[in-house]
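Note sheet for the following structure.
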Amino acid sequence: MMAGFIIGIITVFVLSVKATHEPDLPPGIVNMASAITFSFALVLILFTNSELLTSNFMYFTVGLYYKVIKPTRVLKIFLLCFAGNILGAAILFSFMRFSNVMTPDMLNQLSAVIEHKTLSTGFVSILMKAIFANFFINISLVIAMQIDDVLAKMFVMMFGVTIFAFMGYEHVVYNSCLFMGGLIYQVDTLHFIPAISNIAAAFIGNYIGGGLIIGLFYAYLNDHHQFYKNN
């Protein structure tokens, strides 16, 4: 739940950055500033030991490969983690609803992002961009796990997220947080079927990018028993 809460509050931060600087700065500068801002989320999540669905895709696929956990239990964990992430975002935006933090300009930004993700992008495009998103997140985690220095670890985690955020790739938890914010604030560009389609495509793509391309690949490469069997 905490991971969703953190992503939600960083999403609000990103909306504020965009709403504040978009009228005065070139779009590229605003997008880069927003991407760097969003990268704080992964640092906060990892250093608070919060459960994020998309990183669990990698960890539990490794567990499946080595047969230390059953597929049914993995599926249950994925669904519970996803539900907790969404609940965390719902709590965050519910709190925000009772404040004046979300300005009209920020709500316009939220509306525009939701419209782009649900009405301007097709299922296959979302799926492909979701693969890239979780590839960059989890490759950053793989590198970070090999680093002892805290600042270096933070930098590595941030650059992977910055790349996916700047490129506009699709992240199922982030998208769900956006949609939850749109639901609570009654944004008129949020529609049920396109939102569900986006979540489904992003979920599958994120699993491919993080679970299969990173998790399964590195599990196989580090399987010394496989090496001995082949020789």
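Of everything listed in (1) at pLDDT below 95; (2) surrounded by fewer than 17 Cβ atoms within 10 Å (Cβ to Cβ), the single unmet condition for residue 20 is (1). Residue 74 meets the conditions (1) in contact with a Phe, Trp or Tyr (Cβ under 9 Å, 6 or more places away or on another chain); (2) in a helix (DSSP H, G or I); (3) crowded, with 20+ Cβ neighbours inside 10 Å in every case but one. The failed one is (3).
Among the residues of region 37-50, is there at least one that is outside any helix (DSSP H, G or I), of a type outside the set (A, V, I, L, M, F, W, C) and buried (at least 16 other Cβ atoms within 10 Å of the Cβ)? Break it down into steps so the answer makes sense when it comes.
Within region 37-50, the first condition is being outside any helix (DSSP H, G or I), and the residues that meet it are 48-50.
Right, trim to of a type outside the set (A, V, I, L, M, F, W, C) and you get 48-50.
Then drop every residue that is not buried (at least 16 other Cβ atoms within 10 Å of the Cβ), which leaves 50.
Checked region 37-50: at least one residue is outside any helix (DSSP H, G or I), of a type outside the set (A, V, I, L, M, F, W, C) and buried (at least 16 other Cβ atoms within 10 Å of the Cβ).
For region 109-122, the count of residues that are among the β-branched types (Val, Ile, Thr), under 22 Å from residue 60 (Cα atoms) and surrounded by 15 or more Cβ atoms within 10 Å (Cβ to Cβ) is zero. The sole residue among 209, 168 that is closer than 13 Å to residue 58 by Cβ and touching a residue at least 24 places away in the same chain (Cβ under 8 Å) is 209. Selection of region 179-197 for residues being over 13 Å from residue 121 (Cβ atoms) and assigned to a helix (DSSP H, G or I) yields 179, 180, 181, 182, 183, 184, 192, 193, 196. Does residue 35 qualify as being more than 21 Å from residue 140 (Cα to Cα) and at pLDDT 95 or above? Taking the combined requirement at face value, the residue does not satisfy it. Remark: pairs (first residue in region 13-25, closer than 22 Å to residue 96 by Cα; second residue among the hydroxyl-bearing types (Ser, Thr, Tyr) and outside any loop (DSSP other than H, G, I, E, B); Cβ separation under 8 Å; 6+ apart in sequence or on different chains) = 13/37; 14/34; 14/37; 17/34; 17/37; 18/34.
Just one residue in the set 106, 58, 96, 102 is buried (at least 18 other Cβ atoms within 10 Å of the Cβ) and outside any helix (DSSP H, G or I); that residue is 102.
Residues considered: 162, 121. Of these, the only one that is outside any helix (DSSP H, G or I) and either hydroxyl-bearing (Ser, Thr, Tyr) or touching a Leu at 6+ places or on another chain (Cβ under 8 Å) (or both) is 121.
Kindly indicate whether residue 198 is touching a Ser or Thr at 6+ places or on another chain (Cβ under 7 Å) and crowded, with 19+ Cβ neighbours inside 10 Å. So residue 198 passes the test.
The values are calculated or read from the model by the stated rules, or taken from the named source; none is laboratory data. Keep in mind that what you see is a predicted model, and the values were worked out from it rather than measured. Every residue, glycine as well, gets a Cβ built from its backbone with ideal geometry; the counts of neighbours run over all protein chains shown.
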